[in-house]
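Here's the structure we're looking at; comments come further down.
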Amino acid sequence: MQNLNTFYIDGAWQSPAPGASSAEIVDPATEAVIGSVALGTEADVDRAVAAARAAFPAWSATSRDERLALLGRLAELYKSRMDDIAMAIHQEIGAPLWLCRSHQAPLGLHVLHSAITALKEMEVGRKHGNTEVVSEAIGVAALITPWNWPAGTLMGKVAYALAAGCTVVLKPSEVAPLDARAIAEIVHEAGFPPGAFNMLYGLGPVVGAALSRHPEVDVISLTGSTRAGTEVAAAAASTVKRVLLELGGKSPNVILDDADLMAAVKDGVIGCMLNSGQTCVAPTRMLVPRHLHDKAAGIAAAVAGALKVGDPTQDQNKIGALANRAQFEKIQRMIGLGIEEGGTVVAGGPGRPDGVEKGYFVRPTIFANVSNDATIAREEIFGPVLVIIPYDSEEDAVAIANDTDYGLAAYVWSGDAARARRVAGRLRAGSVRINGASPDHAAPFGGYKRSGNGRELGVYGLAEYLEHKSIAG
């Protein structure tokens, strides 16, 4: 049993304030309780913010070289504990161990290295005539991170805020507290000064809300649902703090008629199902030419049917469990709703996979011949569920792709590079990948519309934690 009953505040592990409660940590693959996590109160938030505020003058005054040295040390320690972090993620969200070792834990290190590179590249001052423009840390940064890619999103906020010279109060998801604990331990070991980094666990409506409205917090960054984002923005409005939101997605995957259909469909299905579909940029709407729809559906069904689901400790299982019971029940409801609305199930369907009696496992599900007006095409499901939508022309494909409340990511497949670029330029999304391109951790990441505002990663993400001052004379 792992009992996380302390918070990291002002350089030390401290007990919660009186009145704190706790929650069980559940292994999603077995439904067994494997520990508990303390849930903070507003009093704990006040302590953590006060520590960050007190540390800000000295930390923000450190040189670029001093911050680079500490971030470099952090990277060394992270690498040395990579397997611990991978195992923690595997236990807390039920992801396959191979995925945690190959993608989940390494993502945190990749993002940390990108923050180091961004800090090296950052311009510290510019001249405009008799005016000097300097960039300064904005202040205390409250960072709220999710459970689906916990280490990567955590580092995408913590490393960048610290690199900018901000002090940090982190609230990781109470669903994924184990990897956050390990990362807090290495931040401490790296030698960051007391108060520069603080971490407490808690529920969104309690700790998240207190951080959002806190007058001593200067910027708040959340990765989470669109619902959570609107609540944070509303709570933050009274103090006019900067708000950075990376929210939901319903990403289109536009397969044009000159694309390699087999490669495009296979990549799209695997991309949608990876991490049990719990990825905000997952290509969950596959748009295919109408005359190729049935062929695409057959390929998709075969690919999904070959993906083994089960015990996430076994490498042959490509899909593990969903992160928690609430996710499992939601996915079952959405699959049922898709069937009620007339969707054609060509792979998967409701219930657990055959032979699986326990754990939050879901069958990889493909709906074919779906209208973009269907609920399963409109709402973010956040599970291993893909919809295939036929279109009649390139113009039609672009219109369907953009007909969504979201705009986080999009995908284009074509045999003509210029055509693919042209279509990509018309898609209303924060990032577009062409023909299976890998993401670039130095490129800006964020969304249009209800997928949020602000950007993470690279010099763009670093700039979100800075104020720009003009000094004329």
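The values are calculated or read from the model by the stated rules, or taken from the named source; none is laboratory data. A quick note: this is a predicted structure, and the numbers were derived from the prediction, not measured. When we count neighbours, we look across all protein chains shown, and the Cβ atoms used for this are built from the backbone with ideal geometry, even at glycine.
No other residue among GLY108, GLY129, GLY125 is closer than 30 Å to THR226 by Cα and of a type in the set (Gly, Ala, Ser) apart from GLY108. Taken together, the residues in region 12-40 that are in a loop (DSSP other than H, G, I, E, B) and surrounded by fewer than 17 Cβ atoms within 10 Å (Cβ to Cβ) amount to 6. Residue count for region 252-280, restricted to those that are of a type in the set (Val, Ile, Thr) and surrounded by fewer than 22 Cβ atoms within 10 Å (Cβ to Cβ): 2. A single entry from VAL168, VAL158, VAL207 fulfils the requirement of being more than 27 Å from VAL26 (Cα to Cα) and surrounded by 22 or more Cβ atoms within 10 Å (Cβ to Cβ): VAL168. Here region 305-348 is the region considered, the condition is being polar (S, T, N, Q) and over 24 Å from THR375 (Cα atoms), and the residue that is surrounded by the fewest Cβ atoms within 10 Å (Cβ to Cβ) is GLN316. What number of residues within region 32-82 satisfy the criterion of being touching a strand residue (DSSP E or B) at 6+ places or on another chain (Cβ under 8 Å) and touching a residue at least 60 places away in the same chain (Cβ under 8 Å)? Total meeting the criteria: 16.
Kindly evaluate ALA259 against the criterion of being in contact with a helix residue (DSSP H, G or I) (Cβ under 9 Å, 6 or more places away or on another chain), outside any helix (DSSP H, G or I), of a type outside the set (Lys, Arg) and not assigned by TED's automatic domain parsing to the domain that holds PRO150.
It is true that ALA259 is in contact with a helix residue (DSSP H, G or I) (Cβ under 9 Å, 6 or more places away or on another chain), outside any helix (DSSP H, G or I), of a type outside the set (Lys, Arg) and not assigned by TED's automatic domain parsing to the domain that holds PRO150.
For TRP98, state whether it is farther than 23 Å from PRO193 by Cα, buried (at least 20 other Cβ atoms within 10 Å of the Cβ) and aromatic (Phe, Trp, Tyr).
Taking the combined requirement at face value, the residue does not satisfy it.
Number of residues in region 367-408 that are crowded, with 20+ Cβ neighbours inside 10 Å and of a type outside the set (A, V, I, L, M): the value is 10.
Could you figure out which of (1) surrounded by fewer than 24 Cβ atoms within 10 Å (Cβ to Cβ); (2) farther than 22 Å from ALA52 by Cα; (3) touching a residue at least 24 places away in the same chain (Cβ under 8 Å); (4) over 18 Å from the mean Cα position of the chain (by Cα) isn't true of GLU123? Failing condition for GLU123: (3). Restricting the search to strands (runs of 3 or more DSSP E) fully inside region 354-473 and requiring at least 1 residues that are touching a residue at least 40 places away in the same chain (Cβ under 8 Å) and within 23 Å of ILE270 (Cα to Cα) gives 365-368, 385-391, 409-413, 431-434.
When you go through LEU256, LEU261, LEU245 one by one, which is the residue that is within 13 Å of the chain's Cα centre (by Cα) and of a type in the set (A, V, I, L, M, F, W, C)?
Result: LEU245 is the single residue among LEU256, LEU261, LEU245 that is within 13 Å of the chain's Cα centre (by Cα) and of a type in the set (A, V, I, L, M, F, W, C).
Of the residues making up region 72-94, those that are surrounded by fewer than 22 Cβ atoms within 10 Å (Cβ to Cβ) and over 29 Å from GLY320 (Cα atoms) are GLY72, ARG73, GLU76.
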